Ligand code: FES
């Protein structure tokens, strides 16, 4: 009887060993997708000249760069869009000029559709599930009826500053382009 | 033949193996209602066969998926097979639902058939997963945006959601790996799972035979059912002996095959008529409003009521609870008397179908009333038709189908114009259709460079209208006054003559543009052009201000040499302040879109965009020969999946 038990154990272990030889690399192969994708250099980009931006009317600018996709790289792809909102400068002289322009990621915090500008109401509207945002990026609840705002949070504000070009002396808007997890109430940077 | 079969049987015992099928008896005789099961099985086999055949030519990757599907669509057989594969999947889902309802109403889930019931219920969501893993494989706009949304739904589930999402998508964003992963699911893992469950499910059917309820026997006493074979069954229910004991084959089989023929006939007819849809190649830069397939519309609607962190209630908890309820339903049912059970089951079916139908209907109704959604699906349909049109023209480049619409002036032109030009310029035809400027303050550019457009600038009434220079500072400029002068104080006869002359000038100038449409329409007769040119530099003295070939000087008015040509427009939009156009302070608010040749990335328009815009303004794009029958307009809502 003891011999029998031993033999059962041995066959079981040998079987498990063979299975793990395939199983372990198998699992790690499947989990490859969890690894961080390639380098994301130079997220800071010049997107527009300050003088080209109208006041109080959002402008969408594309963020162009190299996009890596498993085994291919697409050199000039639109990686995303950013809405720029230039506020009327109520600041007195000497105030921080950065405050003049706000940059929002055009990716909807709800499920990632492209947020559009609703020209009629002059606010942002996501066509997918009708999330509405004000020009300050905050959620707006549609007045009529019970319809709630599907977005869990306000539009994602991106770091944005004004720089003066050394040669042309033009003022440019520079944006740090980042992506955030969708569907969360908090703004979490995509790993 | 018979002797061969005998020989085979002696060696393989196949008759023994097939005996359960060949000798199967339905105690209550054959019924049409039983056909749902067999029909499902055959549809499933049709899916396997058509799917395997499609695999011969399909290639999963973002660069090849759409292209290979379009390649399949090019042959009549491929078109038909893909159509069958597509529509049979819908039929399969509908039949699955019917089958579950039938089994529920027949109370066929009672002991000892619980595992039959549970495996059947598990097959249903697996079937749905199987279907939705197939939709994005075509690399089309709708399928890919669906998987994006589905990925986000999975990702917003607490705890494991994000991990599963990343494994499914194969990284952060939809790409090659998304397609290979879905392909793995669609043709590998899910078929194996479904086949495994299905074999078990069918094995159970043979083991337990039909249920008491289906046999029409007494409902209450389940104790007989411990003995699983048909002899006992018949002994326990003498009534079951009453009808002649017809064998399953062929008496039930012929009913099954009739139903299958009808169902498959419908599927094949639709596949033959319409084929499976193939929408535009997926491109995140194209605007699109994704909607789920019809069978997920109810969940889509449900999700509207659970927002923010609670969304997973609608997407995960409620569906799981419904499934759990059905799985455990036999336990609830056992406690009820037959009469209560009958009422309960009818109620469950009515509530289930009612809720599902209600939610689905509400979702469609919402879209039906949503003008923006309808507009966007009409647009997507137009893009899809255009993409197919371009792909039919020639084989695709190695970068794949995404270039089709990206390099198409007809598609990109309006987008670029809306983004960069339409704050001042309109682009509307005579009937007012097109892109209307938000604050029109510059000429309407529809038909720019055509004789018709140019003659407007030579017409004293029209040149100062809002369609031309009315809203610009040129309204008070030399050109307007010069054109008005031409008609000052002349008699009617002379005015008619003058108009004819100007028509010649417009014609001569429009040939400078060398518009492809104009040449095709035969607007390039030589004699009037020569006359127009002479007038231009001669009697009408346009060259006093404008340069025209070797006459006149640059610097005071736009160059008329090559006016409206590709090269002229590229220069004008790139930098209107160049001396060829409106140098110095003569330029009225027109920005330079591509003046910086050293740092092209600082320009408002890239070289590519500029080319596309100019080609579009000149209507210089591919149109297929007008032989094809125009496609029937499809219902944007029902086709919107
Ligand atoms: S993705 Fe924007 S509202 Fe749902």
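Being in contact with a strand residue (DSSP E or B) (Cβ under 7 Å, 6 or more places away or on another chain) and at pLDDT below 85 is true for just one of B:215, B:230, B:286, B:210. Which residue is that? Give the steps one after another, and end with the answer.
Details: B:215 fails: in contact with a strand residue (DSSP E or B) (Cβ under 7 Å, 6 or more places away or on another chain); B:286 fails: in contact with a strand residue (DSSP E or B) (Cβ under 7 Å, 6 or more places away or on another chain); B:210 fails: in contact with a strand residue (DSSP E or B) (Cβ under 7 Å, 6 or more places away or on another chain).
Sole residue among the options that is in contact with a strand residue (DSSP E or B) (Cβ under 7 Å, 6 or more places away or on another chain) and at pLDDT below 85: B:230.
Do we have any residue at all in the range B:32-45 that's in contact with a strand residue (DSSP E or B) (Cβ under 8 Å, 6 or more places away or on another chain), assigned by TED's automatic domain parsing to the domain that holds residue B:179 and crowded, with 19+ Cβ neighbours inside 10 Å? Show your work before the answer.
Residues of the range B:32-45 that are in contact with a strand residue (DSSP E or B) (Cβ under 8 Å, 6 or more places away or on another chain), as a first pass: none.
Checked against the condition, which is being in contact with a strand residue (DSSP E or B) (Cβ under 8 Å, 6 or more places away or on another chain), assigned by TED's automatic domain parsing to the domain that holds residue B:179 and crowded, with 19+ Cβ neighbours inside 10 Å, the range B:32-45 yields no hits at all.
Of the numbered conditions (1) assigned to a helix (DSSP H, G or I); (2) within 10 Å of another protein chain (Cβ to nearest Cβ), residue A:62 satisfies every one except a single condition; which is it?
(1)
Out of curiosity, is residue B:57 outside any helix (DSSP H, G or I) and touching a residue at least 12 places away in the same chain (Cβ under 8 Å)? Spell out how you get there, then give the answer.
Numbers: outside any helix (DSSP H, G or I): yes; touching a residue at least 12 places away in the same chain (Cβ under 8 Å): yes.
Judged against the criteria, residue B:57 is a match.
Which of (1) farther than 30 Å from residue B:159 by Cβ; (2) not assigned by TED's automatic domain parsing to the domain that holds residue A:53 does residue A:188 not meet, given it meets every other one?
Condition not satisfied by residue A:188: (1).
Just to be sure I understand, how many residues within the range B:596-605 are surrounded by 17 or more Cβ atoms within 10 Å (Cβ to Cβ) and within 11 Å of chain A (Cβ to nearest Cβ)?
Of the range B:596-605, the ones surrounded by 17 or more Cβ atoms within 10 Å (Cβ to Cβ) are B:603-605.
After this cut, where a residue has to be within 11 Å of chain A (Cβ to nearest Cβ) as well, the list is B:603-604.
Residues flagged as surrounded by 17 or more Cβ atoms within 10 Å (Cβ to Cβ) and within 11 Å of chain A (Cβ to nearest Cβ) within the range B:596-605 amount to 2.
For residues in the range B:411-470 being part of a loop (DSSP other than H, G, I, E, B) and touching a strand residue (DSSP E or B) at 6+ places or on another chain (Cβ under 7 Å), which is nearest to residue B:379 (Cα to Cα)?
Kept after step one, since they are part of a loop (DSSP other than H, G, I, E, B), are these residues of the range B:411-470: B:421-426, B:429-433, B:436-450, B:458-459, B:464-470.
Now narrow it down to the ones that are touching a strand residue (DSSP E or B) at 6+ places or on another chain (Cβ under 7 Å): B:422, B:426, B:436, B:444-446.
Details: B:422: 19, B:426: 20, B:436: 17, B:444: 23, B:445: 22, B:446: 20 Å.
Result: B:436.
Hey, does the range A:165-182 have a residue that's within 11 Å of the ligand (Cβ to nearest atom), surrounded by 15 or more Cβ atoms within 10 Å (Cβ to Cβ) and more than 9 Å from chain B (Cβ to nearest Cβ)?
No, because not a single residue in the range A:165-182 is within 11 Å of the ligand (Cβ to nearest atom), surrounded by 15 or more Cβ atoms within 10 Å (Cβ to Cβ) and more than 9 Å from chain B (Cβ to nearest Cβ).
Here is a list of conditions, (1) in contact (Cβ under 8 Å) with a residue 60 or more places away in the chain; (2) buried (at least 21 other Cβ atoms within 10 Å of the Cβ); (3) in contact with a helix residue (DSSP H, G or I) (Cβ under 8 Å, 6 or more places away or on another chain), and residue B:386 meets all of them except one; can you say which number that is?
(2)
Would you check if residue B:91 is in a loop (DSSP other than H, G, I, E, B), at negative phi and in contact (Cβ under 8 Å) with a residue 24 or more places away in the chain?
On the way: in a loop (DSSP other than H, G, I, E, B): no; at negative phi: yes; in contact (Cβ under 8 Å) with a residue 24 or more places away in the chain: yes.
When the stated conditions are applied, residue B:91 does not pass them.
Please pick out the residue among B:77, B:65 that is over 21 Å from the mean Cα position of the chain (by Cα) and closer than 19 Å to residue B:388 by Cβ. Walk me through how you get there before you give the answer.
Details: B:65 fails: over 21 Å from the mean Cα position of the chain (by Cα).
Unique residue meeting the criteria: B:77.
Kindly establish whether residue B:148 is under 29 Å from residue A:151 (Cα atoms), assigned to a loop (DSSP other than H, G, I, E, B), within 14 Å of another protein chain (Cβ to nearest Cβ) and within 16 Å of the ligand (Cβ to nearest atom). Outline the logic, then answer.
Details: under 29 Å from residue A:151 (Cα atoms): yes; assigned to a loop (DSSP other than H, G, I, E, B): no; within 14 Å of another protein chain (Cβ to nearest Cβ): yes; within 16 Å of the ligand (Cβ to nearest atom): yes.
Answer is no for this residue.
Being surrounded by fewer than 16 Cβ atoms within 10 Å (Cβ to Cβ), closer than 23 Å to residue B:546 by Cβ and within 14 Å of chain A (Cβ to nearest Cβ), is that true of even one residue in the range B:572-585?
Scanning the range B:572-585 turns up no residue that is surrounded by fewer than 16 Cβ atoms within 10 Å (Cβ to Cβ), closer than 23 Å to residue B:546 by Cβ and within 14 Å of chain A (Cβ to nearest Cβ).
Can you find a residue in the range A:23-38 that is under 30 Å from residue A:160 (Cβ atoms) and touching a strand residue (DSSP E or B) at 6+ places or on another chain (Cβ under 8 Å)?
Of the residues in the range A:23-38, the ones under 30 Å from residue A:160 (Cβ atoms) are A:36-38.
Subsequent filtering for residues that are touching a strand residue (DSSP E or B) at 6+ places or on another chain (Cβ under 8 Å) retains A:37-38.
The answer is yes, given that some residue of the range A:23-38 is under 30 Å from residue A:160 (Cβ atoms) and touching a strand residue (DSSP E or B) at 6+ places or on another chain (Cβ under 8 Å).
Restricting to the range B:365-396, and then to whatever is touching a strand residue (DSSP E or B) at 6+ places or on another chain (Cβ under 9 Å) and closer than 11 Å to residue B:280 by Cα, can you tell me which residue is farthest from the other protein chains (Cβ to nearest Cβ)?
To start, the set of residues in the range B:365-396 that are touching a strand residue (DSSP E or B) at 6+ places or on another chain (Cβ under 9 Å) comprises B:372, B:384, B:387, B:391.
Filter again for closer than 11 Å to residue B:280 by Cα, leaving B:384, B:387, B:391.
Numbers: B:384: 18, B:387: 18, B:391: 20 Å.
Only one residue fits best here, namely B:391.
Somewhere in the range B:303-314, is a residue within 14 Å of chain A (Cβ to nearest Cβ), under 26 Å from residue B:89 (Cα atoms) and surrounded by 15 or more Cβ atoms within 10 Å (Cβ to Cβ)? Before the answer, list the steps.
Going residue by residue through the range B:303-314, those that are within 14 Å of chain A (Cβ to nearest Cβ) are B:303-314.
Checking the rest, the ones that are also under 26 Å from residue B:89 (Cα atoms) come to B:303, B:314.
Narrowing the set further to residues that are surrounded by 15 or more Cβ atoms within 10 Å (Cβ to Cβ) leaves B:303, B:314.
So far as the range B:303-314 goes, yes, one or more of its residues are within 14 Å of chain A (Cβ to nearest Cβ), under 26 Å from residue B:89 (Cα atoms) and surrounded by 15 or more Cβ atoms within 10 Å (Cβ to Cβ).
Could you tell me how many of the residues in the range B:606-624 are assigned to a loop (DSSP other than H, G, I, E, B) and either at pLDDT below 85 or within 14 Å of chain A (Cβ to nearest Cβ) (or both)?
Residues of the range B:606-624 assigned to a loop (DSSP other than H, G, I, E, B): B:606, B:618-624.
Remaining after also requiring either at pLDDT below 85 or within 14 Å of chain A (Cβ to nearest Cβ) (or both): B:606.
Qualifying residue count, the range B:606-624: 1.
Looking only at the range B:493-503, decide whether some residue is in contact (Cβ under 8 Å) with a residue 24 or more places away in the chain and under 22 Å from residue B:567 (Cα atoms).
no
Scanning the range B:325-360 for residues that are surrounded by fewer than 14 Cβ atoms within 10 Å (Cβ to Cβ) and under 30 Å from residue A:129 (Cα atoms), which turns out farthest from the chain's Cα centre (by Cα)? Even if it seems obvious, please write down each step before you answer.
First, the residues of the range B:325-360 that are surrounded by fewer than 14 Cβ atoms within 10 Å (Cβ to Cβ): B:325, B:328, B:331-332, B:334-340, B:343, B:346-347, B:350-351, B:353-355, B:357-358.
If we keep only those that are under 30 Å from residue A:129 (Cα atoms) too, we end up with B:325, B:350-351, B:353-355, B:357-358.
Working: B:325: 35, B:350: 33, B:351: 32, B:353: 28, B:354: 29, B:355: 27, B:357: 24, B:358: 25 Å.
By that ranking, first place goes to B:325.
Are any residues in the range A:116-135 within 12 Å of the ligand (Cβ to nearest atom) and away from chain B (no Cβ under 11 Å), and if so, which ones?
Narrowing the range A:116-135 to residues within 12 Å of the ligand (Cβ to nearest atom): A:116, A:124-133.
Matches in the range A:116-135: A:124, A:132, A:133.
The values are calculated or read from the model by the stated rules, or taken from the named source; none is laboratory data. Please read all numbers here as calculations on a predicted model, not as lab measurements. Reconstructed Cβ throughout: ideal geometry from the backbone, glycine too, with neighbour counts over all protein chains shown.
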